[in-house]
Amino acid sequence: MAQILFFDPHEEDAMELARRLKAKHHTVTSCTKAKELIQHLKCHAASFDVVILDVSAQTLDLQILNGVNCMVLKAGQAPAVVCVSRVYKGPQMQLQIERKGARLVYVR
Amino acid sequence: MCDRFGSVVETVDLVLAEAHGLAVSGPHFKVVHRFREPGSNCLPGEEIAWVLLVFRSRECVLGLPLSLRILFDYLARNRRLPQSAAQIAAGLHFDAFSLRHGANARSGAKLTRRFSHSVIKEYVKRLRRALKVALEEVGLKLDPDSVLRSEPTVSNEVRYRLKASVDWIHL
């Protein structure tokens, strides 16, 4: 149904979420390394409908989200961005993420 | 059993539905009218006070001067069908709301504007610039040209159409 690009350095969790999304008939491309994520976005950003990023290790500057936003804007048709975190980041992080047009959801 | 990823899957459904809604209807705007006569809405004499872009829980007031607010309101009221610059200018000269804009305020200040075919083209560019700022402010990744669209005809005339959902609020 939708093309989803998913970045999560935790391989087990990445496989479980990919399985859940595939069960809903989405096509999922997973990557556990930032380099793979950048490569996918450079070549195929416009073909993805959703990009899911694990931001558990991110600080308030959200470098990974900034980088993704730059790349998807260059592609023209921007996929939606969903940020996932295993760690509670507080309201400022959530507001920052929303200001950049993404959504934040927690995995506990 | 604890479903760790249920919320992620639901959020993916949500963003896909949101993207579909944007593709079908465009972004959402609120147009605020002031100085209405009691018991009435959207009648000539009211002022177009502000135009706001609404996205998720954020609102952004578009930086529009009087002429662009009148133009935006006209395009929003006529957004079903595209119009050329000449049609828009003619429509604004005929439109009672635009002709009597702000008359209820009785402030003495002139709250109307004249529009010509060539001025409309320039105003469309300025409106797109204001849209670009607002879209970036609320974090909505949309090209302003896809909101205020140029639609081709079989000649070199271009027609404009606002692709958006709009609510009017009356103070």
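What follows is calculated from the coordinates using simple rules that are stated; it is not laboratory data. A quick note: this is a predicted structure, and the numbers were derived from the prediction, not measured. Counting neighbours? That spans all protein chains shown, and the Cβs are built from the backbone with ideal geometry, glycine included.
For the reader, a short list of remarks on this structure follows.
- Kirkwood Rh, Cα atoms: Rg over Rh of the range B:107-170: 1.05
- Expected 222 nm ellipticity per residue - DSSP helices of 4 or more, -39500 (n - 2.57), all of the protein assembly as shown, to 500: -13000 deg cm²/dmol
- Simple spin-label estimate for A:Lys42 and A:Arg99 in nanometres, 7 Å along Cα-Cβ: 3.0 nm
- Trypsin sites (Lys or Arg not before Pro) within the range A:2-106, DSSP loop, no more than 11 other Cβ atoms inside 10 Å: A:Lys33
- Judged by the gyration tensor of its Cα atoms, with axes a ≥ b ≥ c, chain A is oblate; a/c meets the 1.5 cut and b/c is at least as large as a/b.
- Cβ charges +1 (Lys, Arg) and -1 (Asp, Glu), total dipole of the range B:32-171, debye: 160 debye
- P(r) for the protein assembly as shown, from all Cα pairs and a bin width of 10 Å, is 6, 26, 27, 18, 14, 7, 1, 0 %, short bins first.
- Potential extension, A:Arg86-A:Gln3 segment - 0.36 nm per residue separation minus Cα distance: 27.5 nm
- The range B:34-68 residues near the modelled B:His170 label - backbone nitrogen below 17 Å, point 7 Å along Cα→Cβ: B:34-50
- Trypsin sites (Lys or Arg not before Pro), loop per DSSP, at most 14 other Cβ atoms within 10 Å - longest free stretch of chain B: B:115-171
- Peptide B:17-26, shielding by other chains (average Cβ, 10 Å cutoff): 1
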